Amino acid sequence: MALLTSAPRGTQDVIPAQSRKWQYIEQTALEVGRLFGFSEIRFPTFEHTELFNRSVGDTTDVVQKEMYTFNDKGGRSITLRPEGTAGVMRAVLQNGLLNDGIPLKVSYLTSCFRYEKPQAGRLREFHQFGVEMVGSANAAADAQVIGVAKAIFDKLGIKDLRLELNSIGCPECRAKYHAALKDYFTAHIDELCETCRGRLDKNPMRILDCKSPVCAEIAKGAPVVLDYICDDCRTHFETLKGNLDATGISYQVNPTIVRGLDYYTRTVFEFVATGIGAQGTVCGGGRYDGLIELLGGASTPSVGFAMGLERLLLVMEQQGCAFPDAKPCMLYIGSMGEPASRKAAELCTALREEGFYVDCDTVGRSIKAQMKYADKLHAKFSCIIGDNELAEGSVKIKRMDSGESETVFLDPNDLTRYIYGETLSDLNEFTDGTMGSVLRY
């Protein structure tokens with residue numbers, strides 16, 4: 001029975017009390033993205049496994065240890081997406097989105113899946129907001145993408161985030177860096193974990209991202225990538241820093257950032273928070289100029305980021321960031337008897353069409369129980385319809401906070417006018433004159 005009433009390890013439910021916080025974060029991220037010209041894209045939960053093997057990299061922890069991979073009934077190898085960028089780029093190619101002009105700017109909200117040890121801010125099913133800008137090799141694109149993330153954090157009221165920045169160079173200059181890493185780590189080969197010994201020849205930079213404490217300690221003395229980048233990559237990096245300086249975005253250069261996915265080139269960055277345990281990175285991204293070409297398209301520079309929503313929520317709750325209040329019921333219509341119940345349902349339907357959150361009894365409760373339920377809904381107004389109200393065509397509507405009441409016609413238009421007039425001061429919001437747009441509860 002426990003299997004039926006317990007979510008799988010590393011997953012979590014988002015119950016109604018929390019979902020409004022998620023919605024606030026998601027809507028804020030999408031709205032800020034739109035201010036920068038990013039439009040939402042949606043893509044499948046699973047892809048052909050080869051997409052991730054080729055893009056993420058078969059020497060990464062994600063591919064080697066963490067992907068949820070299975071054969072479908074047709075014998076095809078399928079993988080639940082471990083990250084968003086590869087699926088976006090596949091969708092861009094398949095749908096010819098680059099024909100609409102560049103740079104292409106897309107954003108997404110998505111769930112991802114990785115089999116790893118659950119801990120604070122890290123789950124096996126987790127959620128991300130991300131953006132991708134496709135078609136610009138200019139450092140100004142990198143700066144704008146970073147600016148999107150910074151604007152989201154500012155809008156949410158998150159403070160004390162540290163932007164860490166690095167360049168890992170292009171494939172040409174990185175070859176020299178790989179050679180230096182190989183020489184360094186070969187001297188420690190007996191101390192490396194089995195996985196990193198396998199990475200030594202194929203991709204020694206992945207050793208820098210190993211989670212083993214022993215490998216991490218060895219990596220502290222490894223050569224620094226910024227000492228090996230070519231003149232073009234260094235110019236790109238310096239231009240990016242100049243653009244960030246111009247827009248007032250502070251940063252720290254951290255030459256140890258390499259990110260955990262193989263498709264990155266040149267710029268890599270992370271926004272890091274304190275106080276949420278070892279998993280302090282709430283947003284990470286960078287440039288991946290060779291990814292679309294790797295997937296079969298033309299050489300197309302790209303840059304983007306993904307931010308973890310679970311970690312954002314942790315940081316916001318720790319910092320006491322403000323969330324919008326839960327939307328209360330505007331009017332609860334109580335009823336006595338079947339004719340009154342039908343009238344209540346009729347009125348609720350009409351008021352909802354005008355944009356009001358209203359409710360009525362669907363359980364068959366007594367009037368006393370209905371009013372208790374109205375209290376639980378935090379209804380601003382209530383009224384009770386019985387035979388007398390139906391006969392007279394009017395009803396007494398009551399403010400739940402003060403108990404003040406007024407008799408109005410038993411008509412949706414009259415109820416709307418009353419609620420609209422009584423709540424204008426509460427809403428502190430004027431509309432275009434239509435009753436239906438007033439409710440923002």
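The values are calculated or read from the model by the stated rules, or taken from the named source; none is laboratory data. A quick note: this is a predicted structure, and the numbers were derived from the prediction, not measured. FYI the Cβ positions are ideal-geometry reconstructions off the backbone, even for glycines, and counts take in every protein chain you see. Note: accessible area is taken over every heavy atom of the protein model, side chains too, but ligands, DNA and RNA are not part of it. Shrake-Rupley method; radii C 1.70, N 1.55, O 1.52, S 1.80 Å.
In region 281-313, of all residues being aliphatic (A, V, I, L, M) and open to solvent by less than 20 Å² (accessible area, probe 1.4 Å), the one that is nearest to T267 (Cα to Cα) corresponds to V303.
Taking region 301-397 as the region of interest, the strands (runs of 3 or more DSSP E) fully inside it that hold 2 or more residues being over 30 Å from H127 (Cβ atoms) are 331-335, 358-360, 381-385. Tallying residues that are charged (D, E, K, R) and in a helix (DSSP H, G or I) within region 1-32 yields 4.
Taking region 86-101, which residues are open to solvent by 10 Å² or more (accessible area, probe 1.4 Å) and either touching a residue at least 60 places away in the same chain (Cβ under 8 Å) or in contact with a Lys or Arg (Cβ under 8 Å, 6 or more places away or on another chain) (or both)? Selection gives R90, L93, L98. Quick check on region 179-189: of everything there that is part of a loop (DSSP other than H, G, I, E, B) and not β-branched (V, I, T), which residue is farthest from E116 (Cα to Cα)? The selected residue is A187.
So that you can scan it fast, the table gives a plain yes or no per residue for (1) at pLDDT below 90; (2) under 17 Å from K327 (Cβ atoms); (3) of a type in the set (V, I, T):
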position: V358; (1), (2), (3): no, yes, yes
position: V363; (1), (2), (3): no, no, yes
position: A391; (1), (2), (3): no, no, no
position: I397; (1), (2), (3): no, no, yes
position: V408; (1), (2), (3): no, no, yes
position: N428; (1), (2), (3): yes, yes, no
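Remark: C321 falls outside the filter, which requires a residue to be out of contact with any His (no Cβ under 6 Å at 6 or more places or on another chain) and open to solvent by less than 10 Å² (accessible area, probe 1.4 Å). Restricting Y115, Y108 to residues that are surrounded by 19 or more Cβ atoms within 10 Å (Cβ to Cβ) and either without any contact (Cβ under 8 Å) to a residue 12 or more places away in the chain or among the aromatic types (F, W, Y) (or both) narrows the list to Y108. Out of A120, A151, A179, one residue alone is surrounded by fewer than 19 Cβ atoms within 10 Å (Cβ to Cβ), within 25 Å of K211 (Cα to Cα), small (G, A, S) and under 19 Å from the mean Cα position of the chain (by Cα). It is A120. Filtering region 236-247 to residues that are open to solvent by 60 Å² or more (accessible area, probe 1.4 Å) and under 14 Å from L163 (Cβ atoms) leaves D245, T247.
Restricting attention to region 154-176, the residues that are open to solvent by less than 50 Å² (accessible area, probe 1.4 Å) and modelled with pLDDT of 90 or more add up to 12.
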